[in-house]
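Asker: Just dropping this structure here.
Each reported figure results from applying straightforward, stated rules to the coordinates on display, with no laboratory input. Predicted model only: the values in this text are computed from it and were never measured. Note that we place each Cβ from the backbone using ideal geometry, even for glycine, and neighbour counts take in every protein chain shown.
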Amino acid sequence: MSLLIAGQRPVLQRRSSISNTLQTGLDGLAVIGIAYWLIDYHIGRLTYDYTILLLLMMGVLAVVYDHYGIYRGTTNFTRKAFTILKAWTITFAVLVMLAFLAKQSEGYSRLLIGQLYVSGFAAQIFLHFLIRVFQFKLFERVHQPENVIIVGHGTLANYLYQKISSNLWLNQKVLGCVLLRDDDTAAETAADGAEGPPVLGKVWNLTELIEQHDVRTVYLVTPLDASKVLEELYFSLLDRHVAVHWIPDIFSLRLINHSVWEVSGLPVLTLSETPLTGTRLLMKTVEDFILASLILVMIAPLLALIAIAVKLDSPGQVFFRQERMGWNGRTFRIWKFRSMVVHQPENGIIRQAQQNDPRVTRVGAFLRKTSLDELPQLFNVLTGDMSLVGPRPHAVQHDEEYSRRISEYFARHNVKPGITGLAQVRGFRGETRNIQQMVQRVESDIEYINNWSIGLDLAILLRTTTAFTGKYAY
């Protein structure tokens, strides 16, 4: 394989099209035109402050719209409209925040900004709809749908078939699929109850099928162990003058915050990664520090009262310290109010608290019922060992036990452990009597990691106030 040289086209190249370029230009002109008209109508002229506003708006728009892929992809119009609304709203939220931070918010007309928000969004939706109608009419007149064959079968092939068939803008018609191996059967194409593409034959019939049906595009949906077959198949397709797209079937794996990116022009599929990198880690850290500090100041008297009650109720230390595994597998000592009598593990085995557990003290029963015993973990948050929201840390011994029985268990450690979490507000807390209960916790923890945002953290914190009591709190 030849080496990359200076000036050579990178392996990973973002697709572009005239319609996307035209759409970008029209949206920009529409937004600037509407803003200029509103400024002229309300203010009478384009002032220095509003010039800065326009420049900032276009800069933020470029970053936010690129992040949400507004001018990439071929999703349906309803989803595209919703994505534009989200990106447009975030853009204005950033502008408002910048204005407040710069103490310039009073210099701008709220009516003008509101009208720009509504009319700018409406104009973009209209233009996107107009371009789509134009494209569709053009395709109808000029292009017949491209015939497509999918190489592979199963859930991902079925999903691809459904998406292509339901998306008129792709202008493609899936004729069917060919099976990759001798032992593949047609019955497997109906996996998970989804309607799959008709089976046209085996992979060695592909060349004949391409010529017979004038196929212009081939999608390779291959399992991870089919690299050798893929290489041979690719070179045979080069002689058939067809477009070849590869969709590696990686979704049988438990993916953790997966993404596609590049390293020096080389395509990289990230299968597992923490969501807390760069500015996202900074945002999470700032969120934890500010909220934990405020909460500690507000509940300081309550902490003092609980400490006195624990000390008077039974002999021993006020706080319970124990080794827990945290972010990236590093251990730390967790803080909790002691809720049990002082005891040693039985035969070196740490036993989870159970209902009516005789080890739990009178004050401890109340603390565990209300989850007040967890409050000292705010100090763990301030020291950086924990977060307010994240997967709950378990005893190291329990981590070792469950990791042997749940293959994706340690994926929980891709973020900092939390005082509360998505699993807890869904009721998956307390004693785990069977492995399925722990599986439910792990699935919720991975869902949290895959969808992390500041908004999700705040929603979980709000739900925590009612979720951390009940029959499973003991």
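Asker: Charges only on Cβ, +1 for Lys and Arg, -1 for Asp and Glu: so what's the dipole of the range 18-141 about the Cα centre, in debye to the nearest 20?
Answerer: The dipole magnitude comes to about 380 debye.
Asker: Need the full-extension length gain, V268 to N450, defined as separation in residues times 0.36 nm minus the C-alpha distance. One decimal, nm.
Answerer: Values: separation 182, 0.36 × 182 = 65.52 nm, distance 1.81 nm.
Gain on extension, V268 to N450, equals 63.7 nm.
Asker: Charges only on Cβ, +1 for Lys and Arg, -1 for Asp and Glu: so what's the dipole of the range 246-328 about the Cα centre, in debye to the nearest 20?
Answerer: 260
Asker: Can you order the peptides 302-311, 365-374 by their average number of other Cβ atoms within 10 Å per residue, highest first?
Answerer: Output ranking for 302-311, 365-374: 365-374, 302-311.
Asker: Moving to a separate point now. Give the calculated FRET efficiency between R110 and T21 to the nearest 0.05, with a Förster radius of 35 Å applied to their Cβ-Cβ distance.
Answerer: Plugging the Cβ-Cβ distance into 1/(1 + (r/R0)^6) gives 0.55.
Asker: Students often check this: by mean Cβ neighbours within 10 Å, which of 129-137, 420-428, 317-325 ranks highest, and how do the rest follow?
Answerer: Numbers: 129-137: 13.3, 420-428: 22.1, 317-325: 15.2.
Top to bottom by mean Cβ count within 10 Å: 420-428, 317-325, 129-137.
Asker: Hey, got a sec? Which trypsin sites (Lys or Arg not before Pro) in the range 209-240 land in a DSSP loop and have at most 16 other Cβ atoms within 10 Å?
Answerer: Here the sparse-neighbourhood loop sites are R240.
Asker: Could you compute the FRET efficiency for L302 and L281, with r as their C-beta to C-beta distance and R0 at 45 Å, rounded to 0.05?
Answerer: For L302 and L281, the calculated efficiency is 0.90.
Asker: Can you figure out the FRET efficiency of F100 with W246, using R₀ = 56 Å and their beta-carbon distance, to the nearest 0.05?
Answerer: Working: r = 47 Å, r/R0 = 0.85.
Once the sixth-power term is evaluated, E becomes 0.75.
Asker: Please give the contour-minus-distance gain from F319 to S119: 0.36 nm per residue of separation, less the Cα-Cα distance, rounded to one decimal in nm.
Answerer: 66.2 nm
Asker: Follow-up. According to a simple spin-label model (label point 7 Å from Cα along Cα-to-Cβ), what is the distance in nm between F235 and Y48?
Answerer: Computed distance between label sites Y48 and F235 equals 6.7 nm.
Asker: Can you give me the convex hull volume of the Cα atoms of the range 65-125, divided per residue and expressed in Å³?
Answerer: Numbers: hull volume 4.5 nm³, N = 61.
Per-residue hull volume (Cα only) is 74 Å³.
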